[in-house]
Amino acid sequence: MTEPSNVPSVDTPGPAGPGSAAGTVAALRADLVGADFTVDGVEGLLGPVAAAALHREQTVPARRVLADVLGANDARPREAVAALSTLFLLGGEVPASVLGRALPSVGVDGAVRLGLVRRAGQGADDAVRAAIDLRPYAAADAAGEVSWWLASDLGELATGRRLAGDHVLGAGGASTTLAQVTVREPVDRVLDLGTGCGIQALHASRHARAVVGTDISRRALAFAAFNRALAGLDEDRLDLREGSMLDPVAGERFDLVVSNPPFVITPRRSGSGSSADAAAGIPEYEYRDGGRAGDDVVRDLVTGVGAVLAPGGVAQMLGNWEHRRGEPWTERVGRWLDESGLDGWVIQREVQDPAEYAETWIRDGGTTPEREPAAWASAYGAWLDDFATRDVEGIGFGIVTLRRPPEAQGVPEAARLRRLEEHSGAVHQPLGGHVAASLAAHDWLRGRTDAALAEARLVVAADVSEERFHAPGQSDPNVVVIRQGGGLGRGSTRRRRSPRSSACVTASSASGRSSARSRRCSRCAPTSSLRSYCPPSAISSATGSSARPDPGAVGAVRPTTMARLSSRTRRASAPVGTRAGVASASCSAPTTVARAMVARARASSGVKPADVSRRVTTSSRRSVTRVRVSPTPGSSAWA
């Protein structure tokens, strides 16, 4: 397999240094604004179908829309945004005269000098093609909404070939995730370790006095410098340095460190044997390969980042870690936290098996089984061989938050934050505010004695709601679900023990999905959790019969954000008589009203009493109780 790093740099030119062309970059920014080359402007031009297809990396609908706009007689009002989208988003070409009208201040020659485009000739009708990817960016983090333009290398979608070894990525899903989970409190200094095109540094510049961005790639730093200038920042606000990991900032201290490091686990060339021979053909990409075996890059960063954290400083990063046979991932990653000496919170968001992981990252570099079947098979085998040498059964991906305790003398081991959890369900982004609040709550609790805590008056958070599931006519609920509307959307479920069941099991949905555990509840063992329910599987095994699906059953309860709760409430206010037999009411006596709602639902929908369940939703923000009556899943009314 050919090394991507051997691709001539002339094929992937970067932007010209903005220091010598600050006025031209400022003119470019004005032209992009005037052309409405924004996220809203592009999506408005493409329409929902073509825009959605482009997000799936399917270009045909977008090409058709843009070709129609540019070929129309009245194209001038939308010509600029169509031309820029064709050039920079799709890698197409437009006549020089059209680009000149789209960028009236910079002009075609100015765009060439900046390294943005190439032109086939000097004529007005000669074709111009993009040399880099330049696209609008819009996102919301814990500090509010942002809108910039980001320059990076053209991707496989535009070039139709494998990426170069020094390829510089734009802002992808991982970048957006990190930006949204980062704490955004005002601070003095921020370090963006592995800055790439500079996206995390730009986010940090809004709430920090000074930002330092480091990267081992000179090409990435060139793009970051261009994006810095395009965002209107100067070198005093965003300092860019070349070097590996923490080397460029040794001896310095930062209040916040953010990193989307090169965490991809790639077969290495060390050792001997068939695995090493196969790995010799694996491409290396600067943006994702840290040059270490296994997950050592992430381990080294977790254990070493404390050296540059100021007291109270926070480090947040994305990473992969291996799940090795016979060793829970929480124990393995937990040892990294212990070695760091910092507060640590790890949230595992996804787990892939070795084959899935190999497929993901082979495709990421532009190699496909259709285009390069031999190279695909060779790389696939090398990845599987590499994982087999370490007994890897899975690879986790997640978010790591570390903090140096604010106390100067340090914190006893028992008082440190040490949390490792799995949460594969939906979260309420941006999550940065929730992370900051969680760290503050830990500090509050750590600073109080048992006596002080007993005297404190605790209140329910404003985003917490309660749902109750009743059998028709019964005053006591069968299931009570407490949900967190924001943050991680946690849920806690309690189900009244069925008289048909001999035991209860506790349930927790901190991972985003309810999961049964084998320990007994408080009714069976006083020291156990009060959150308990009996899933239908337990009832079925106890009675020898099957049970109708229950809203409180395993897998039936999902975390619900406040937005979703609100939409359910709106649907519940529809007139009774629909096929679902929905009714609603607001009152402080849910039992009486619920009985009335059940009667109305039966009369209007023809649902039998056994087919109806009642849900009572109580929001902690008000004393009103809303009741929704709906057919039980599995009944005839759901057909």
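The values are calculated or read from the model by the stated rules, or taken from the named source; none is laboratory data. Note that the structure is predicted; figures quoted are calculated from it, not measured. FYI the Cβ positions are ideal-geometry reconstructions off the backbone, even for glycines, and counts take in every protein chain you see. For the accessible areas, the whole protein counts, side chains as well, though only heavy atoms, and no ligand, DNA or RNA atoms are used. Shrake-Rupley method; radii C 1.70, N 1.55, O 1.52, S 1.80 Å.
Here are some notes:
- For segment 191-206, the tally of residues that are part of a strand (DSSP E or B) and closer than 18 Å to residue 431 by Cβ stands at 0.
- Within segment 350-393, being among the aromatic types (Phe, Trp, Tyr), open to solvent by 40 Å² or more (accessible area, probe 1.4 Å) and closer than 30 Å to residue 304 by Cβ holds for one residue alone: 361.
- All conditions but one from (1) within 21 Å of residue 233 (Cα to Cα); (2) open to solvent by less than 10 Å² (accessible area, probe 1.4 Å) apply to residue 90; the one that does not is (1).
- Test: residue in segment 128-143 that is surrounded by fewer than 16 Cβ atoms within 10 Å (Cβ to Cβ), of a type in the set (A, V, I, L, M, F, W, C) and under 29 Å from residue 164 (Cβ atoms): yes
- Inter-residue pairs, beta-carbon under 6 Å, first within 18 Å of residue 419 (Cα to Cα) and in segment 334-357, second part of a helix (DSSP H, G or I) and of a type in the set (Lys, Arg), 6+ apart: 336/299
- For segment 207-219, the condition of being at positive phi and either in a loop (DSSP other than H, G, I, E, B) or surrounded by 21 or more Cβ atoms within 10 Å (Cβ to Cβ) (or both) holds for none of the residues.
- Close pairs from segment 42-54: first without any contact (Cβ under 8 Å) to a residue 60 or more places away in the chain, partner hydroxyl-bearing (Ser, Thr, Tyr) and not in a helix (DSSP H, G or I), Cβ under 7 Å, at least 6 apart: none
- Any hit, segment 229-251, residues being among the hydrophobic types (A, V, I, L, M, F, W, C), touching a strand residue (DSSP E or B) at 6+ places or on another chain (Cβ under 9 Å) and part of a strand (DSSP E or B): yes
- The criterion of at least 3 residues that are more than 20 Å from the chain's Cα centre (by Cα) and of a type in the set (A, V, I, L, M, F, W, C) is met, among strands (runs of 3 or more DSSP E) falling completely within segment 114-189, by 127-130.
- Any chance residue 172 is at positive phi and open to solvent by 10 Å² or more (accessible area, probe 1.4 Å): no
- For residue 119, the conditions (1) under 21 Å from residue 45 (Cα atoms); (2) open to solvent by 20 Å² or more (accessible area, probe 1.4 Å) all hold with the exception of (1).
- Whichever residue in segment 307-349 is of a type outside the set (A, V, I, L, M, F, W, C) and part of a helix (DSSP H, G or I) and, among such residues, is least open to solvent (accessible area, probe 1.4 Å): 334
- Test: residue in segment 261-280 that is surrounded by fewer than 20 Cβ atoms within 10 Å (Cβ to Cβ), out of contact with any helix residue (DSSP H, G or I) (no Cβ under 7 Å at 6 or more places or on another chain) and modelled with pLDDT of 95 or more: no
- Out of 426, 414, 408, one residue alone is at pLDDT below 85, under 18 Å from residue 180 (Cβ atoms) and either open to solvent by 60 Å² or more (accessible area, probe 1.4 Å) or assigned to a loop (DSSP other than H, G, I, E, B) (or both). It is 426.
- In segment 93-109, residue farthest from residue 230 (Cα to Cα) [restricted to those that are in contact (Cβ under 8 Å) with a residue 40 or more places away in the chain and surrounded by 14 or more Cβ atoms within 10 Å (Cβ to Cβ)]: 102
- If only residues of segment 437-463 that are acidic (Asp, Glu) and without any contact (Cβ under 8 Å) to a residue 40 or more places away in the chain are counted, the one that is most open to solvent (accessible area, probe 1.4 Å) is 455.
- Restricting segment 66-87 to residues that are at pLDDT 90 or above and small (Gly, Ala, Ser), the residue that is surrounded by the most Cβ atoms within 10 Å (Cβ to Cβ): 85
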